[in-house]
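Some notes on the structure that comes next.
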Amino acid sequence: MKGTNGTYNWGPDAKLSPRGHSEVARTSKAWRSEVPYGIPLPESHHVSPLSRSLSTLVETWKPIALNPPHPVCHELLRETLSLHYSDKRSKASYLRETYPGVEFPIEEEDPLWNFHRESEIGRNLRIKHVLDEILNNDLNTYIGMTSHSGVINSTLVALGHRPYSLQTAGVLPVVVRVEKDPEWRGEVLWRKEEPWEVPKVELRSVCPGYEPVAVSGQYVNGMGVWPYP
C-alpha cells in the first residue's frame, strides 16, 4: 500500500503537518498564558500511540511542564480502527526512540490496524474500557488525555457529557466524579456480552490492483466492530 504521492505523506502513521505544528504551538501558548493565574496543570498524561498525537502531547506540554511521571501511551486510545494507512502506528522501537519521555507498554508491531472499519458503537465501547483502566489506576486529580476527534467524541459519550465539536489541537476541560466499584477487578464486562464470533484470518482483496492480504475481523450490519479476541 502506498503512503505517499511524492509530495504528501499520509502513512503509515501520519505525522503532523506544518499547519498542525502551528496549531499545537498556539495551544501551548494559550496554556502558558494561563500559568501565572494558577490554572491547574495535568499531574499525569495519557496519549494515543499514533505519532500525530504523540507530537501534539510533547510540543504542547514540554515548554510548560511534562515532568511529573512520564506520559503513558495506551494502544486502545487511538482513532477509529480501519484500513486508513494514516492510522497504522509505527513500530514501538521507533516510537521509543522518537519520544523518549513517553512510556510505551505496547507490542513492537501494530496489532489493531486492519481492513475492517470499526463502528461508532464499537469505538464507544473500546474507549469506555480505556477510561475504566485509566481511572481505576490513575489516582491523580488532574489527568490529561491527548488523542483524536473520534476518541474525544467517544469519551464524552462514555462520560454522559453533551456532544462538543472541538477544533483541531483544541482543549476541552471535563469535570468527572469517579466512584469506584469495589467489586470491579478489571474484567472487560462488555466483552462477555458480545454474541458475535470472530472469523478466522483469511486472504481478501481489499484494494483494486493490490494483492490479497490476510485480514480478520467481524461485521455487524456491514460495519467492522470491536472487540477482537
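Values in this text are rule-based calculations from the coordinates and carry no lab data. Every value quoted in this text rests on a predicted model; they were computed, and no experiment measured them. Cβ coordinates were reconstructed from backbone atoms using ideal geometry, including for glycine residues, and neighbour counts include every protein chain displayed.
Sorting GLU118, GLU108, GLU59, GLU133 from the fewest to the most surrounding beta carbons within 10 angstrom yields GLU108, GLU133, GLU59, GLU118. Ordering ARG52, ARG78, ARG162, ARG32 by the number of other Cβ atoms within 10 Å of each residue's own Cβ, fewest first, gives ARG162, ARG32, ARG52, ARG78. Length gained on full extension, LYS91 to SER17, computed as 0.36 nm times the residue gap minus the Cα-Cα distance: 24.6 nm.
Toward the positive end of the charge dipole of the range 18-193, about the Cα centre and with charges on Cβ (Lys, Arg +1; Asp, Glu -1), which of LEU77, LEU54, ALA92 goes farthest? My answer, from the dipole projection, is LEU54.
Starting with the fewest neighbours, write out ARG19, ARG96, ARG123, ARG26 ranked by other beta-carbon atoms found within 10 Å of each beta-carbon.
Ascending Cβ contact count within 10 Å gives the list ARG19, ARG26, ARG96, ARG123.
Please compare each pair in LYS62/LYS88; LYS62/LYS91; LYS91/LYS180 to a cut-off of 30 Å on the Cα-Cα distance and tell me which ones are over it. LYS91/LYS180, as the Cα separations exceed 30 Å there.
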